[in-house]
Amino acid sequence: IIDEAMRLAETDALRGYDAVQLAAGLHVHQARLALNQLGITFFATDNLLNRAASNEGLRVDDPNDHS
């Protein structure tokens, strides 16, 4: 996860914690797909983080869009 977070931080100009959050989400998503389960939906309120998650193939939802 740390190596993936480092890649994401560099590729998408993410802050450290955001990169770790996305790397963990990607790890869970890929593990679920490997088990033939549905992938995850990534929830965050940060536009840059959501764009990076979307670019990585995750479904994204911003809770602020549901007020």
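The values are calculated or read from the model by the stated rules, or taken from the named source; none is laboratory data. The shown structure was predicted, so the numbers you read here are calculated from the model rather than taken from an experiment. When we count neighbours, we look across all protein chains shown, and the Cβ atoms used for this are built from the backbone with ideal geometry, even at glycine. Heads up: the accessible areas ignore ligands, DNA and RNA and are worked out on the full protein's heavy atoms, side chains in. Shrake-Rupley method; radii C 1.70, N 1.55, O 1.52, S 1.80 Å.
The table below lists the values:
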{"item": "Single residue of L35, L8, L48 found to be of a type in the set (A, V, I, L, M) and crowded, with 16+ Cβ neighbours inside 10 Å", "result": "L8"}
{"item": "Helices (runs of 4 or more DSSP H) wholly inside region 1-56 containing at least 3 residues that are of a type in the set (G, A, S)", "result": "16-34, 47-55"}
{"item": "Meets criteria (surrounded by 12 or more Cβ atoms within 10 Å (Cβ to Cβ), of a type in the set (G, A, S), modelled with pLDDT of 95 or more and touching a helix residue (DSSP H, G or I) at 6+ places or on another chain (Cβ under 6 Å)) for A24", "result": "no"}
{"item": "Long-range neighbours under 8 Å by Cβ, at least six apart or interchain, first residue within 23 Å of A9 (Cβ to Cβ) within region 51-67, second among the polar types (S, T, N, Q) and open to solvent by less than 60 Å² (accessible area, probe 1.4 Å)", "result": "L58/T41; R59/T41; V60/T41; V60/N50; D61/T41; D62/N50"}
